[in-house]
Structures are given as structure tokens and as C-alpha cells.
Amino acid sequence: MKKACFVATVIDFLSTFEKSDMDLLQSLGYEVHCASNLKNYTHPRYFQMVKDMGVTLHQIDFARNPLSKTNLGALKQLQALMEQEQFDIVHCHTPVGSVLGRLAAKRAKVPQVIYTVHGFHFFNGAPKKNWLIFYPIEKAMARKTDILITINNEDYERAKKHFHPKDLRRIYGVGIELSRFADCNCDRGKKREELGIRENETLLVSVGELDDDKNHILGIQAMKTLAPKGYRWVIAGTGHLKEMLTDAIRENHLENAVTLLGFRDDIPELLRAADMYVFPSWFEGVSVALMEAVAAKLPIACTEVRGNVDTVVTKESYFSPRSVDSMVAAVERINALSPEEKERMAETNWQNLQKFSLENVRKDMLEIYRAADRAAERGRK
């Protein structure tokens, strides 16, 4: 039996974004394993979905902090696992998981090592410390990578110019089921009523982890101006900044204007209820949440940063992640458009999104896996 292993720091990542890739490798006759930290996950259902695919799970004591000493033990665990299982392909994801996974794979003499970059931590406008820490690491690790996959144009061009993997590929994100969002026919009025949104209020929606990268604090500051004008903002997601954001909402007297919804499994319905999707993130690889909003044909207000500009191509959507005034202006500018202009904006982004469809991405990934399979077979001989 041919064997493949997916490596990521946390199991949530694999269960959310990599089920399609696992399915593709299974279709090629591979027994699929996942090596990740299994102790922390957002929702048991997502954890169970991977198990239901017949995937073998392995606990690796990863720490998200790359400087944590715990990761030295994780590297030893990974190498022992790979030597024991004799994987043919190892596919790495996430910053810590990808570095340790590639190191362990090369030490264990795995024939094919793949790394999908979901967004380099160094990017145009990134802090200098990101460049000083992550750039040299990724440049060195590229030489230990048989196939390096990028999902946005900026990362692809940088890797092509400066890194030297054996094979460099560009795909369009992790794939999205467009019809799931475009064809959602829930009762919009009922969902808005459930959320406490009045008929004359403008509902802004965001989906994403409550962390520094998503920059929700900018939106809370913007809502001080927008809330008195009838705007309401709901945010679906969990994360370590929940308490800080809750305090900021309370301190700015926005309890009736900004709501942290927590974990939600009704995202298509939330998008259907919304008037606009707002996305104040500092940077993205290519955001699944943003693609889902585009698939739902919503007007978009988002930051003009890497990843976002690959997905949303209407210039009037953009604002600066550093400027409250810029965000306020973008939201009000878009909301002031006529229904026909909003529809044209949504349609332009929708057409651009077609290359990000799950069907298209699966074709690209199948080609990559077939190439890796052929190379692994040569390695086995």
C-alpha cells in the first residue's frame, strides 16, 4: 500500500482545507495519514469528518510559537513516525508544520516532499522582523522541497525569483464549492430577524479567526462612525482575541452594533442575510472566507493586500488596513452604489472567482499528485 502523510500544526487546518486533497490521494491508491496537534480543535464535527474519510491520525506535539522548545520534541516525533510508516509522499502545510515536516521527511528519506504555501509571512508591507526570521528559513527549506505550491501571485513571483525548489507550481487557493453559496435559498428576512437586524439597517458580515492578522480592531474603530448611521456588524469565528475584542466593543459602547457570533455552521445563510462583506485583514494567502463571500455575490469591502487582490478585482472595494477613515469611506462608498452597480461589482468578482472553483483546483492538484506519485515510484525502485 502506498502511503501519504499530511502535516500541519493543528488538525483544524487539515480538516477545514485539505479534505479534497486527501480524497485525491486516496483515489490514486494511497493510504492517507495526518500528523498534527489533535488536542485542540474548534469543533468535534470537523475532527470527525477526517476520521470518517478513513484517514489515520497521529498526535504530534506541535506548538504554534516557532521558538517553543516543544517543537524539538515534535520534530523527533515526526521523524520517528515517518521512519516507521515509510511514507511515499509527505504534504506539508502551515509555517511550523511545514518546516518541521520537511526536515523530518528529508531525514527519513521520504521520496516526495510537497509544501503548499498558504501565504509567506514575508510579503510586501510585512514587518521587518518577518523578513529577518521567515525569509531565510523559507529560502533554505525550499531546497528540501520537491514541489513548492503557491496560491497567490505575489508568493509565486517571489518564489520563482529567489527560491530554488525542484518544482514550483501555482494553484488558485484550496478550492471552493461555488454553488453552495451562490444557490443558498434561505429566508433572508428570517435570518436577519434571528440576528436582531432591523429592515432599515445595513448588515455587514465578516468570517474569520479572532486573531491579530484579521485586524478586527480596525473595524470596531470604524463602527464608531458607522453605527450611528444604521450599520450593524456581525463577526463569525473564534480565537484568542475574543476577550480583548469584547472589551473594545464595550469600551466604545458598541454592544448593540457589533456582535461576536462565535463558531457558526450556517455561513451561507449569514452571507445571504448580509448587505456587504467586510474584511479588514492585514494579509492573506488566499482567503476561503473572502471567496465564499464573493461566491455569494455580495458587495465586498476589503483591504488592498496580498491574497485579497487575487480574489477581489473591483478597485472600489479596497481600503487600507492602517486607516479607519479609509475603511469607513469604502463601506459608505459601496453602500451608496445603486443596486445595478452593486450587481455589476459582484458579477465582476464572481467571474474572476471561477478559476478558484473546487473543480478547477482539484484538476491542478491531481496533476501535481500524479507527478509526485511517478517520482515516488522511481524513488521506490
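Within region 289-297, is even one residue in contact with a Lys or Arg (Cβ under 9 Å, 6 or more places away or on another chain), over 14 Å from L353 (Cβ atoms) and not in a strand (DSSP E or B)?
No, region 289-297 has no match at all.
From the list V313, V305, V328, V361, which residue is assigned to a loop (DSSP other than H, G, I, E, B), of a type in the set (V, I, T) and either touching a residue at least 40 places away in the same chain (Cβ under 8 Å) or touching a Pro at 6+ places or on another chain (Cβ under 6 Å) (or both)? Don't jump to the end; show me each part of the working.
Details: V313 fails: either touching a residue at least 40 places away in the same chain (Cβ under 8 Å) or touching a Pro at 6+ places or on another chain (Cβ under 6 Å) (or both); V328 fails: assigned to a loop (DSSP other than H, G, I, E, B); V361 fails: assigned to a loop (DSSP other than H, G, I, E, B).
One residue alone meets the criteria, V305.
Considering only region 256-281, state which residues are crowded, with 18+ Cβ neighbours inside 10 Å and part of a loop (DSSP other than H, G, I, E, B).
A257, A274, D275, P280, S281
Please identify the pairs in which a residue from region 332-357 that is among the hydroxyl-bearing types (S, T, Y) has its Cβ atom under 8 Å from the Cβ atom of a residue that is assigned to a helix (DSSP H, G or I), counting only partners at least 6 apart or on another chain.
Listed by first residue and then by second, the contacts come to S357/L178.
Between a first residue in region 220-235 that is closer than 25 Å to P268 by Cα and a second residue that is assigned to a loop (DSSP other than H, G, I, E, B) and β-branched (V, I, T), which pairs have beta carbons less than 7 Å apart while being 6 or more apart in sequence or on different chains?
R232/I197
Within the bounds of region 132-143, is there any residue that is of a type outside the set (K, R) and in a loop (DSSP other than H, G, I, E, B)?
No, region 132-143 contains no residue that is of a type outside the set (K, R) and in a loop (DSSP other than H, G, I, E, B).
What number of residues within region 157-180 satisfy the criterion of being surrounded by fewer than 19 Cβ atoms within 10 Å (Cβ to Cβ) and of a type in the set (S, T, Y)?
Final tally of qualifying residues: 1.
Output the residue which, of all residues in region 360-381 that are at pLDDT below 95 and among the charged types (D, E, K, R), is farthest from R170 (Cα to Cα).
It comes out as K381.
Restricting to region 22-41, name every residue that is assigned to a loop (DSSP other than H, G, I, E, B) and within 17 Å of Y369 (Cα to Cα).
L28, G29
The values are calculated or read from the model by the stated rules, or taken from the named source; none is laboratory data. Just so we're clear, the structure is a prediction, and the values are computed from it rather than from any experiment. Quick reminder, even Gly has a Cβ in these numbers, built from the backbone with ideal geometry, and neighbours come from all protein chains shown.
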